[in-house]
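Engineer: Take a look at this one; I'll ask things after.
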Amino acid sequence: MGQLFTNIRKIKRNGPVFLLLVAAFCFFLTGFLVSGCAQDADPAPVPEQNGEESPANGDAEETLPDEFITLATTTSTYDSGLLDVLLPAFTEKYGPEVRVISQGTGQAIETGKRGDADVLLIHDRPAELVLVEEGHVTDRQDVMYNDFIIVGSPKDPAGIKEIDSLDEAFATIASGEHTFVSRGDDSGTHRKELVFWENAGVEPEGDWYLSVGKGMGDTLRMTDEKEGYTMTDRGTYLSLKDTLDLEIVLEGDPALFNQYGIMAVNPENFPHVKYESVLKLIDFMVSPEGQEIISSFQIGGEGLFFPGKGVED
Amino acid sequence: MSLLEGIIEAFSLILTLDPYLIKIALLSLQVSAVAVLLATLAGVPLGTFLGLKPRERTRFISKLLYTLMGLPPVVAGLVIYLLLSRVGPLGFLGVLYTPTAMVAAQFALAVPIIAALTMIGIRSSGKEVQETARTLGAGRFLTAWTVVRESRFAIFGAIVTGLGRVIAEVGAVMIVGGNIEGHTRVMTTAIVLETAKGHLELAVGLGIVLLFISFIINSLLYNFQGGGKGSVW
């Protein structure tokens, strides 16, 4: 306690110094925080624009606001790597940086409805049309499509490779109680899968049906570990093929086409939506340039996406 | 890929200072450090205040703090998400899916830990120090400061425990940060993503960095618990 006494005397004497220290600490902290936020608010790097405060020369092509837009998309789109090619091309040409949040389609739709993103790129066409109808989104465009495939362990215990019809394949898996791993995350893929079970007249229930609640990559990995079957978009499968021991057991059934749409979150509901930049992005995606990038995107020599619209209305 | 291959690959990423990995690790540290600093500013005074009150009068709030210490991070994340979402009460701030939102979530996780552990530390010796300080003529502010100073090892322990919890946490920052590359992707969310994408060497590399940071944090904690031998004060 003697030491304590000295301490107190010391503090009494150094009171102002101590207060200064506290102030300095707070100052430092604020700086740290602000730098953290400022980093976040940093404008996107715009090529060929030399730091004019507000470029106002009326040329709409070159004067998009210096900003970022938030794109909510599905894990399958994101995991394929397409956006890593497509979005930088957009940013280079027009300026706005695109920040990508990858979620299941259900969550991405919810993100859009809540106004937490500016633009959606998803693949559940019926649900998208409902979103347009209800006024949650506008300017929807069919951007590209790919197809779903059924993959399974090379052992193929259910003999699906001998089957061409999706309905029959699903019925065979269910009746033989062969392990099937389902996304179970309310994603576009999951929603499609549920429709297919219904079409096959099967209730997907029981120990053989594993609903894992994960993205496509995780689901494929778990299917591999479980030596089961799963339904996947071709893109994610191709991009992960080398790290998996899974083969395509069924493809080509017309029901398996998978249409991707892009749409703006309705600026009438959410004034903060960066509508001008979003429209530019949508235009870019369906422009010859964007469509060319999509169709030439390959992994392991195979194309993943087909440009445009692949389904009938 | 075998675990061994993964570890070898991971070390080469770390040793070559792979920019993606470094950026993520730095963001992790920055977010968690800011969150814990703020949580310290809130939690230490609260813990000190409660620690100096008679035990009977803080029974309810103590129970509440202990419960919140075990708050599942995803629940904290969900609450912050609902608050910060554009349709939520703080939606006008527009900070969802930014590092600021992640700081908020980690702050919510760290405050109860820092406050509760500070309270426990102060209770063990604070009363005595408080009375002594008063006897020696210290005012209210000086008394409180003296109490904090005398319990500094317990308080450092509390802060470091809070840091250890938030930096290793994945559920909350995934929900409120959105795991956006280059902006809100931190070590834990990157590990989840890279595992899903099959980039296991990157996932393992990040895991090793996280373990290393955790080791440093726990070494500090160990020193504080030993009453500050080899102390940093």
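The values are calculated or read from the model by the stated rules, or taken from the named source; none is laboratory data. Bear in mind the structure is a predicted one, so any value in this text is a computation, not a measurement. Don't worry about glycine lacking a Cβ; one is built from the backbone with ideal geometry, like all the others, and counts go over all protein chains shown.
Engineer: Answer with yes or no whether B:V166 is more than 14 Å from every other protein chain (Cβ to nearest Cβ), touching a residue at least 40 places away in the same chain (Cβ under 8 Å) and within 16 Å of the chain's Cα centre (by Cα).
Structural biologist: Values: more than 14 Å from every other protein chain (Cβ to nearest Cβ): yes; touching a residue at least 40 places away in the same chain (Cβ under 8 Å): yes; within 16 Å of the chain's Cα centre (by Cα): yes.
Yes: the conditions hold for B:V166.
Engineer: In the stretch B:169-192, how many residues are part of a helix (DSSP H, G or I) and farther than 28 Å from B:M119 by Cβ?
Structural biologist: Final tally of qualifying residues: 9.
Engineer: Criterion first (crowded, with 20+ Cβ neighbours inside 10 Å and within 22 Å of A:G112 (Cα to Cα)) does B:M119 satisfy it?
Structural biologist: Details: crowded, with 20+ Cβ neighbours inside 10 Å: yes; within 22 Å of A:G112 (Cα to Cα): no.
No: the conditions fail for B:M119.
Engineer: Does A:G206 satisfy the condition of being more than 14 Å from chain B (Cβ to nearest Cβ) and not charged (D, E, K, R)?
Structural biologist: Yes; evaluated as a whole, the condition is true for this residue.
Engineer: Another one. Here is a list: A:G252, A:G235. Which entry is assigned by TED's automatic domain parsing to the domain that holds A:I163 and surrounded by fewer than 19 Cβ atoms within 10 Å (Cβ to Cβ)?
Structural biologist: Working: A:G235 fails: surrounded by fewer than 19 Cβ atoms within 10 Å (Cβ to Cβ).
Going through A:G252, A:G235 in turn, the sole match is A:G252.
Engineer: Exactly one of (1) at pLDDT 90 or above; (2) farther than 21 Å from A:R125 by Cβ is unmet by A:Q298. Its number?
Structural biologist: For A:Q298, the failing item is (1).
Engineer: Just for the stretch A:238-249: of the residues that are within 14 Å of chain B (Cβ to nearest Cβ) and either part of a loop (DSSP other than H, G, I, E, B) or modelled with pLDDT of 95 or more (or both), which one is surrounded by the most Cβ atoms within 10 Å (Cβ to Cβ)? Quick ask: steps written out before the conclusion?
Structural biologist: Step one: list which residues in the stretch A:238-249 are within 14 Å of chain B (Cβ to nearest Cβ), which gives A:238-246.
Going one step further and asking which of them are either part of a loop (DSSP other than H, G, I, E, B) or modelled with pLDDT of 95 or more (or both), we end up with A:244-246.
Numbers: A:L244: 17, A:D245: 12, A:L246: 22.
Within the stretch A:238-249, the match that is surrounded by the most Cβ atoms within 10 Å (Cβ to Cβ) is A:L246.
Yes/no matrix, rows are residues, columns are (1) assigned to a loop (DSSP other than H, G, I, E, B); (2) charged (D, E, K, R); (3) within 14 Å of chain A (Cβ to nearest Cβ):
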| site | (1), (2), (3) |
| --- | --- |
| B:F60 | no, no, no |
| B:V87 | yes, no, yes |
| B:P112 | no, no, no |
| B:R149 | no, yes, yes |
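Engineer: Is there a residue being under 30 Å from A:K226 (Cα atoms) and within 14 Å of another protein chain (Cβ to nearest Cβ) anywhere in the stretch A:260-271?
Structural biologist: The answer is no; no qualifying residue exists.
Engineer: Which condition breaks for A:F180 when tested against (1) under 30 Å from A:I293 (Cβ atoms); (2) in contact (Cβ under 8 Å) with a residue 12 or more places away in the chain?
Structural biologist: Condition (1) is where A:F180 drops out.
Engineer: Moving on. Do we find a residue being at pLDDT below 95, touching a Ser or Thr at 6+ places or on another chain (Cβ under 8 Å) and buried (at least 20 other Cβ atoms within 10 Å of the Cβ) anywhere in the stretch A:266-284?
Structural biologist: no
Engineer: Could you list all residues from the stretch A:156-174 that are under 31 Å from the mean Cα position of the chain (by Cα), closer than 20 Å to A:E203 by Cα and assigned to a loop (DSSP other than H, G, I, E, B)?
Structural biologist: A:S165 - this is the single residue of the stretch A:156-174 that is under 31 Å from the mean Cα position of the chain (by Cα), closer than 20 Å to A:E203 by Cα and assigned to a loop (DSSP other than H, G, I, E, B).
Engineer: Picking from A:A127, A:A158, A:A117, A:A108, which residue would you name as being within 30 Å of A:M222 (Cα to Cα) and either at pLDDT 95 or above or crowded, with 24+ Cβ neighbours inside 10 Å (or both)? Working first, answer last.
Structural biologist: Values: A:A127 fails: either at pLDDT 95 or above or crowded, with 24+ Cβ neighbours inside 10 Å (or both); A:A158 fails: either at pLDDT 95 or above or crowded, with 24+ Cβ neighbours inside 10 Å (or both); A:A117 fails: within 30 Å of A:M222 (Cα to Cα).
The match here is A:A108.
Engineer: While we're here: Of the conditions (1) among the hydrophobic types (A, V, I, L, M, F, W, C); (2) touching a helix residue (DSSP H, G or I) at 6+ places or on another chain (Cβ under 7 Å); (3) part of a loop (DSSP other than H, G, I, E, B), B:V166 fails just one. Which one is it?
Structural biologist: Failed condition: (3).
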